[in-house]
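In what follows, a single structure is set out as structure tokens and then discussed.
The values are calculated or read from the model by the stated rules, or taken from the named source; none is laboratory data. Values in this document were obtained by computation on a predicted structure and should not be read as measured data. FYI the Cβ positions are ideal-geometry reconstructions off the backbone, even for glycines, and counts take in every protein chain you see. The protein model used for the area step is the full one, side chains on, heavy atoms only, and it has no ligands, DNA or RNA in it. Shrake-Rupley method; radii C 1.70, N 1.55, O 1.52, S 1.80 Å.
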Amino acid sequence: MTDADPPRPDRAPSRAAMRLRRAGWTLAAVAAALAAFTAARRLGPIEALLAFVFVALATIVAPARRAQPEASRSRAAPADVIVGPQTLLLLQGLPGPTLVLDPRGVVLAFNAHAGAALPTIRVGDPVSFALRVPEVLAAVKEAASLGRPALVSYSERVPVERWIEAHVAPAAIGPQGPRAIVLALRDLTAQRRAERTRVDFVANASHELRTPLASLLGFIETLQGPARNDEKARDRFLEIMRSQATRMSRLIDDLLSLSRIELKAHVRPDALVELGPIARNVADALGPLAADRGVEIAVALPETPVWVLGDRDELIRVVENLVENGVKYGRSGGRVDVAVEGGEGPQAARIVVRDYGPGIPPEDLPRLTERFYRGDVQASREAGGTGLGLALAKHIMTRHAGQLLIESRLGEGARFTVTLDGAAPPKPAPEGARLAG
Ligand code: ADP
């Protein structure tokens, strides 16, 4: 920490000159008194001159002796002793906001990250001007007086919620204790948010499973007890139990799919897949459900096939979820359009799913891809939803380096657009291979 400069040979005389200059008025008064005594013939000129030289020498020596206890009392080392060019270089190279303070808490130096995190910070100001956190200031005091390091966590609510950890450590320790305090800040916001998401996720998943499980247990007890011999009730209850068990199994399937996709999130799928057959396949598979609800699924495919690099099953899962949502929530519109568009090039391949139902309130739009987020919880449950479909779709799109765009206006239905990098079509197989095939 200490980058002390080598002693300069001209230091001693300049210090003496400074002290003489500082004692100027005292020396002038002594000279005047000696002159008066000489004029009154009480003192010879030689004695007067000797007395003056003695007083001048005393001024040079005496303050030097006094200065020692003064410096140790404040224990503030001159900034350039603690924060030399090497320390500054080191500070700038550190990855987070870091400050060097003197033992009184005055800022001696800070790096660019600290400048960004504490915009009002200035060298020479007490750190409390820029960082008004009593716990951190107390830790700085303690580090200076007791030489004890400390770790303080605090949070800020304005302008956005942030969690920060402050490491306070005494440094450049000399015989009088620390001559500097290093204060390093670490932003824990992302970590805390991830923790909160994980906790919320576990709570949500357990809640989603517990509800149908409680209902199943209730019906089992009823069937074992009061409804034991009631054949009509038994059939009705068994039907409800079947739907609750189906809901649980769908939830577990979705949870497993989510974790599987998360596991391979960094591996981009590379099989050549044509989008047209995916749209057609999904429309066919969901045809009976749509017919059941009085909804027509219309598929529009381009003349030229659109190819992408992807995982066919995962892309089917995305389109299936979008079309199923269109049928479930946009039922009143009576129609769901599925279109494949675009061609080769970055984000040029598209699948658009559009319904003409009630649409999605603007406040829900940014949150729809969060796990377990539903606009209308009851409507989703009644439709057999898990609240994971769009989260799953978004994860799949991220793995495919694609995007999921959601647009909607209340009363005008919803439009979901999946965009992907359009790939070149497969090369025709060589003549010989075709003959062999
Ligand atoms: P769920 O299993 O509930 O359908 P999703 O993640 O697929 O879960 O969808 C989340 C929520 O988004 C749904 O609960 C619903 O409120 C809303 N939503 C999705 N698609 C539509 C749509 N086409 N029209 C209106 N609301 C929709």
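On the protein heavy atoms, probe 1.4 angstrom, tell me the percent of accessible surface of segment 343-426 carried by carbon and sulfur. Please list the in-between numbers first.
Numbers: 1940 of 3800 Å².
It is 51 percent, rounded to a whole number.
Annotation: amide H of LEU388 within the under-5 Å range of PHE372, sequence separation 5 or more or interchain, hydrogens built in the peptide plane.
According to the calculation over all Cα-Cα pairs in segment 268-314, the P(r) per 10 Å bin from zero is 25, 42, 26, 7 %. For segment 191-266, the solvent-accessible area works out to 71 Å² per residue, with a probe of 1.4 Å and every protein chain left in place. Taking K and R as +1 and D and E as -1, what net charge do the other residues with C-beta under 15 Å from the C-beta of ASN281 add up to? Neighbour charge sum, excluding ASN281 itself: -4.
Straight-line reach from LYS264: taking Cα to Cα under 29 Å and skipping same-chain neighbours fewer than 8 places apart, the lysines in range are LYS394, LYS427. Counting Lys and Arg as +1 and Asp and Glu as -1, what is the net charge of the other residues whose Cβ lies under 13 Å from the Cβ of ARG162? Net local charge, ARG162 excluded: 0. Based on protein heavy atoms only, segment 331-424 ends up with 45 Å² per residue of surface accessible to a 1.4 Å probe. Note that segment 274-289 has calculated 3J(HN,Hα) couplings of 9, 6, x, x, 5, 4, 4, 4, 5, 4, 5, 5, 8, x, x, 4 Hz, one per residue in order, obtained from phi through the Karplus relation 6.51 cos²θ - 1.76 cosθ + 1.60 (θ = phi - 60°); glycine and proline are x.
3J(HN,Hα) along segment 405-420: 10, 10, 10, 6, 10, 4, x, 10, x, 9, 10, 10, 10, 9, 10, 9 Hz, from the Karplus curve 6.51 cos²θ - 1.76 cosθ + 1.60 with θ = phi - 60°, whole Hz, x for Gly and Pro.
So, with a 1.4 angstrom probe, what is the percent of accessible area on segment 191-266 that is carbon and sulfur?
Details: 3040 of 5430 Å².
The C+S portion of the solvent-accessible surface of segment 191-266 is 56 percent.
Proximity of backbone amide H atoms, modeled 1.01 Å from N, is registered between LEU368 and no other residue at under 5 Å, excluding neighbours fewer than 5 places apart on the same chain.
PHE219 exposes around 40 Å² of accessible area when a 1.4 Å probe is run over every protein chain in place. Computed from backbone phi with θ = phi - 60° and the Karplus coefficients 6.51, -1.76 and 1.60, the 3J(HN,Hα) list for segment 162-172 is 9, 10, 9, 10, 10, 9, 10, 9, x, 9, 6 Hz; x is used for glycine and proline.
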